Amino acid sequence: MNDDINNMNITRAYKFKIYPDFKRQAEIDEKLLLSQQLYNKLLEKSISSYKDGNTKVSMAQFNEYLKGIIQEDDKYLKLYSQTRQDIFLRLIKAYSNFFGRVKKRTAKKGFPRFMSRDRYKSLTYPQDNSSFSIEKGKLRVSRIGTMKIIQHRTIEGKTKTLTIKKVAGNYYAIFTTVKEVEVPKAEDTNPVGIDVGLKTFAVLSDGTNITKPNFRKKQEKHIAKWQRIVARRYKGSKRRQLAKDKLNREYEVANNQTNDYLQKVTNKIVNLGYTSFAVEKLQIRNMVKDHSLAKSINYASWNKFFQLLSYKAESAGVKVTEVDPRNTTKTCSNCGNIQSMPLSKRIYLCEGCGLNEDRDINASINILNRALDTKGSNFGSKTAKTREGHSRSHVQGDFVRPQREAVVEELKTYSANAVHADAGEANAS
C-alpha cells in the first residue's frame with residue numbers, strides 16, 4: 001500500500017424529507033407518543049430503584065425494566081424491537097453524561113429529566129437489518145409502512161441507522177452511513193489560523209475575512225410574534241399546538257439558512273489549498289454565561305462551523321488542530337507582549353513593538369503560531385518566520401492552488417450579497 005495513503009472510516013448523515021399520508025402520519029405520531037411514555041417509565045423505574053438502594057445503571061438493568069414495563073402494558077410492543085432498545089440507550093447516555101458532569105464537578109449537573117411530548121421528536125432504527133429500505137422513491141419502514149421520500153442525492157457507504165424525525169409538522173428521514181475511503185497524506189506546507197468572532201464571522205491568518213449574514217435577526221420579529229400567540233393560547237389545546245408548529249417553522253427557517261451558509265463556507269475554505277487548520281478550543285457553555293453576548297454567541301454557530309470544518313478537512317486529508325484560546329486577542333503576534341483589548345478596540349497597536357494590525361488578524365496569527373509550536377521542532381523555522389517578520393508568506397506562497405483568489409472573492413461576494421439581501425428585505429417589509 002502507498003505510504004502516502006491513509007484508509008479511514010468516515011461517518012456521514014443524509015437527511016431527506018418524507019411525505020407520509022394521513023395513516024402513516026398517525027402511525028409515526030402514535031409511536032413518538034409511545035416512545036416518550038416508555039422513556040419516562042424507564043426513568044421512573046430507575047429513580048425508584050435508586051431510592052431502594054440500587055445504584056447500578058447498566059444495559060442489563062434497563063433491559064429488565066423494559067421487560068417489566070411490557071408485561072404491565074403490551075401496547076409498547078407496537079414499537080419495533082430495535083427502537084425500544086434505542087430508547088433505553090438514550091437514557092443510559094443521559095445518565096452517563098450526568099455522571100460525567102458530577103465527576104468534573106460542574107455547577108449544573110443536569111440529572112436526566114422526564115420528556116414532554118414536545119421534546120421527544122424522533123424514532124431510531126439502529127440497525128439496517130431489513131427494517132427499512134428505499135425503492136423507487138418510496139421509503140419502507142417496519143411497523144410504519146411505505147411513504148414518499150425526496151432523495152435528492154445518492155447515499156454513499158454502508159447504512160447503519162435510520163431516524164424518523166418530526167419537526168414543526170414536517171417529517172424527515174435521516175440515514176447514518178459509514179464509508180471507508182483512501183485519504184492522501186498532505187504535507188503540512190500551507191497552514192492557516194482561523195479566528196471566529198461576532199463582528200466578523202471568521203478571519204484567517206492570511207487576511208481573508210468572512211462575514212456571516214445575521215439570518216436569525218430577520219426572523220426575530222416573526223419568532224416574537226408566534227411566541228406571544230403561543231403564550232396566549234390554552235395549554236393542551238389544538239390551537240396552541242398549531243401556533244407552536246408555526247413558531248417551530250420560523251426557527252427551522254433560520255436554522256436552515258445558517259446551516260446552508262456554513263456548509264458552503266466550510267466547503268470553500270477546505271478547497272482553498274490549505275494543508276492544516278488551527279482553531280481555538282472554545283468553551284461555548286462558559287462564554288454564554290455573559291448574558292450580554294449569549295444570544296450573539298449562540299447565533300454565531302461556532303460549534304457547528306468547527307464540526308463541519310473538521311470532518312470535511314479530515315476527508316481531504318487535512319488536519320484541524322485546536323489550541324488554547326487564552327489571550328490570543330491580547331497577545332502581540334510579533335513580540336509576544338500582552339495588553340488589554342476591550343471589544344471596542346478593533347486595531348491591535350502593540351505597546352511593546354508598535355505593531356499595527358487588525359485585532360482579528362493578529363489573533364488568527366497567534367492561533368496559527370500556537371498550533372505550529374505544538375507540532376515539534378520540524379516547524380520551528382516556519383514559526384520563527386511568522387513571528388519575526390510578521391509576514392503572511394506561510395499562507396501566500398506557491399503552494400496555494402491557482403483558483404484560490406477566485407474562491408476568496410466568491411466567499412466575500414457571497415457574504416456581501418447575503419447582507420445586502422437581508423437589508424433589502426428588511427426595508428421592503
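The values are calculated or read from the model by the stated rules, or taken from the named source; none is laboratory data. Because the structure is a prediction, the values reported are computed rather than measured. In this analysis, Cβ positions are derived from the backbone assuming ideal geometry, glycine residues included, and neighbour counts consider all displayed protein chains.
Values for this structure:
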{"quantity": "Candidates A94, A60, filtered to the one that is under 23 Å from L33 (Cα atoms) and among the small types (G, A, S)", "calculated": "A94"}
{"quantity": "Pairs with Cβ under 6 Å, 6+ apart, first in the range 21-39 and farther than 21 Å from G68 by Cβ, second small (G, A, S)", "calculated": "R24/G145"}
{"quantity": "Top-ranked residue in the range 66-97 [being surrounded by 14 or more Cβ atoms within 10 Å (Cβ to Cβ) and either at pLDDT below 85 or among the basic types (K, R) (or both); ranked as farthest from Y125 (Cα to Cα)]", "calculated": "R90"}
{"quantity": "Hits in the range 213-234 (condition: modelled with pLDDT under 90 and not in a helix (DSSP H, G or I))", "calculated": "P213, N214"}
{"quantity": "Those residues of the range 112-130 which are farther than 22 Å from K15 by Cβ and among the aliphatic types (A, V, I, L, M), in sequence order", "calculated": "M115"}
{"quantity": "Condition met for I47 (under 32 Å from the mean Cα position of the chain (by Cα), among the β-branched types (V, I, T), part of a helix (DSSP H, G or I) and farther than 19 Å from T146 by Cα)", "calculated": "yes"}
{"quantity": "Test: residue in the range 315-327 that is in a helix (DSSP H, G or I) and in the same structural domain as G354 (by TED's automatic domain parsing)", "calculated": "yes"}
{"quantity": "Some residue of the range 115-125 being assigned to a strand (DSSP E or B) and exposed (fewer than 12 other Cβ atoms within 10 Å of the Cβ)", "calculated": "no"}
{"quantity": "Residue satisfying all of: in the range 1-40; modelled with pLDDT under 90 and β-branched (V, I, T); farthest from F62 (Cα to Cα) among these", "calculated": "I5"}
{"quantity": "Count of the range 306-345 residues which are charged (D, E, K, R) and within 21 Å of the chain's Cα centre (by Cα)", "calculated": "5"}
{"quantity": "Hey, N298 more than 20 Å from I365 (Cα to Cα), assigned by TED's automatic domain parsing to the domain that holds I365, within 20 Å of the chain's Cα centre (by Cα) and touching a residue at least 12 places away in the same chain (Cβ under 8 Å) or not", "calculated": "no"}
{"quantity": "Residue that is surrounded by fewer than 19 Cβ atoms within 10 Å (Cβ to Cβ) and aliphatic (A, V, I, L, M), where the choices are L349, L308", "calculated": "L349"}
{"quantity": "Sole residue being surrounded by fewer than 20 Cβ atoms within 10 Å (Cβ to Cβ), outside any helix (DSSP H, G or I) and not β-branched (V, I, T), chosen from K264, K199", "calculated": "K199"}
{"quantity": "Count of the range 291-328 residues which are over 18 Å from G193 (Cβ atoms), in contact with a helix residue (DSSP H, G or I) (Cβ under 8 Å, 6 or more places away or on another chain) and aromatic (F, W, Y)", "calculated": "1"}
{"quantity": "Residue, nearest to the chain's Cα centre (by Cα), within the range 126-146, restricted to residues that are more than 25 Å from Q36 (Cβ to Cβ) and loosely packed, with under 15 Cβ neighbours inside 10 Å", "calculated": "S133"}
{"quantity": "The range 40-69, residues that are aliphatic (A, V, I, L, M) and free of Cβ contacts under 8 Å to residues at least 12 places away in the same chain", "calculated": "I47, A60"}
{"quantity": "Enumeration of residues in the range 238-261 that are hydrophobic (A, V, I, L, M, F, W, C), buried (at least 17 other Cβ atoms within 10 Å of the Cβ) and over 21 Å from N298 (Cα atoms)", "calculated": "A243"}
{"quantity": "Subset of the range 133-144 (residues that are within 19 Å of T83 (Cβ to Cβ) and touching a residue at least 12 places away in the same chain (Cβ under 8 Å))", "calculated": "I134, L139, V141, S142, R143, I144"}
{"quantity": "Tabulated pairs, the range 145-160, first in the same structural domain as N129 (by TED's automatic domain parsing) and within 10 Å of F175 (Cβ to Cβ), second of a type in the set (S, T, N, Q) and outside any strand (DSSP E or B), C-beta under 9 angstrom, 6+ apart or interchain", "calculated": "K160/Q127"}
{"quantity": "Residue check for E252: over 23 Å from D324 (Cβ atoms), part of a helix (DSSP H, G or I) and touching a strand residue (DSSP E or B) at 6+ places or on another chain (Cβ under 8 Å)", "calculated": "yes"}
{"quantity": "Selection status of N63, more than 21 Å from V141 (Cβ to Cβ), exposed (fewer than 12 other Cβ atoms within 10 Å of the Cβ) and modelled with pLDDT under 90", "calculated": "no"}
{"quantity": "Residues that are outside any loop (DSSP other than H, G, I, E, B) and either under 21 Å from L198 (Cα atoms) or touching a Pro at 6+ places or on another chain (Cβ under 9 Å) (or both), drawn from the range 333-352", "calculated": "I347, Y348, L349"}
{"quantity": "Number of the exception - L34 against (1) surrounded by 13 or more Cβ atoms within 10 Å (Cβ to Cβ); (2) more than 20 Å from R143 (Cα to Cα)", "calculated": "(2)"}
{"quantity": "Qualifying residue in the range 90-111 (condition: closer than 21 Å to K15 by Cα and assigned by TED's automatic domain parsing to the domain that holds E44)", "calculated": "yes"}
